[in-house]
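Data block below; observations after.
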Amino acid sequence: MAHQRFEFEMPAPSDVVFDAFHYHIWRARWDSLVSDARVLGGAPCPFVGAETENTGGGWLRGLSMRTRFVAFDRPRVAAASMVGRSFPFSRWAASMRHRDTHPGHSVLIYAYTIEAGPPALRWLMEPVVAWIFARQTQRRFSRLRDFLAGHAAEVVEWQRMQHGNGAA
């Protein structure tokens with residue numbers, strides 16, 4: 001099993017970062033790892049117990065994964081685990097924690113555990129899968145940071161319209 005933890009400084013408050021990741025209308029504009037993500041049942045974002053279907057992006061377009069959210073506490077934490085199997089993963093789970101650091105900035109802490117399979121080839125596959133996933137994770141959250149650097153104000157305005165007076 002491979003475990004990894006990354007911290008990413010973000011140029012926006014935690015509630016803006018949280019919504020830019022979890023509301024699929026925003027995620028579609030920046031996410032390089034996933035070309036299509038949707039909550040089964042049509043909700044605009046996940047919730048505890050929600051299942052999502054995620055199709056890979058770019059050269060990973062052939063991969064897809066179904067996840068179930070086990071935690072969703074906006075804007076602090078969200079966590080999900082894979083439902084079933086999705087080659088090359090036999091297990092996948094991840095969490096995102098958000099913490100404001102100073103006005104207009106926050107840190108996103110992303111941790112995950114993956115296991116590559118099938119078991120007979122795990123010794124060979126897992127280091128390669130772990131390396132690729134780590135690189136793609138860093139690329140993905142760099143794109144989120146770049147998106148927020150130019151578009152955080154749009155997310156804030158959208159939050160105001162969705163939730164009234166910016167109290168999302």
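Data for the structure
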quantity	calculated
Residue 132, sole failed condition from (1) over 20 Å from residue 56 (Cβ atoms); (2) part of a helix (DSSP H, G or I)	(1)
Identity of the residue in the stretch 1-12, outside any strand (DSSP E or B) and not small (Gly, Ala, Ser), that ends up nearest to the chain's Cα centre (by Cα)	11
Scope the stretch 45-68; condition more than 17 Å from residue 139 (Cβ to Cβ) and open to solvent by less than 20 Å² (accessible area, probe 1.4 Å); matching residues	45, 46, 50, 52, 67
The listed residue being more than 10 Å from residue 2 (Cα to Cα) and crowded, with 17+ Cβ neighbours inside 10 Å, out of 135, 140	140
Lone unmet requirement of (1) among the aromatic types (Phe, Trp, Tyr); (2) part of a helix (DSSP H, G or I); (3) open to solvent by less than 70 Å² (accessible area, probe 1.4 Å) for residue 112	(2)
Checklist (1) open to solvent by 20 Å² or more (accessible area, probe 1.4 Å); (2) modelled with pLDDT of 95 or more applied to residue 42, failing item	(2)
Some residue of the stretch 66-77 being small (Gly, Ala, Ser), at pLDDT 95 or above and out of contact with any Ser or Thr (no Cβ under 8 Å at 6 or more places or on another chain)	no
Single residue of the stretch 49-101 satisfying the filter (basic (Lys, Arg) and free of Cβ contacts under 8 Å to residues at least 40 places away in the same chain) that is farthest from residue 118 (Cα to Cα)	97
Hits in the stretch 3-38 - residues which are over 20 Å from residue 112 (Cα atoms), of a type in the set (A, V, I, L, M) and either modelled with pLDDT under 95 or open to solvent by 20 Å² or more (accessible area, probe 1.4 Å) (or both)	25, 28
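The values are calculated or read from the model by the stated rules, or taken from the named source; none is laboratory data. Note that the structure is predicted; figures quoted are calculated from it, not measured. Cβ atoms come from the backbone with ideal geometry, glycine included; neighbour counts cover every protein chain shown. Side chains included, ligands, DNA and RNA excluded: accessible areas come from the protein's heavy atoms. Shrake-Rupley method; radii C 1.70, N 1.55, O 1.52, S 1.80 Å.
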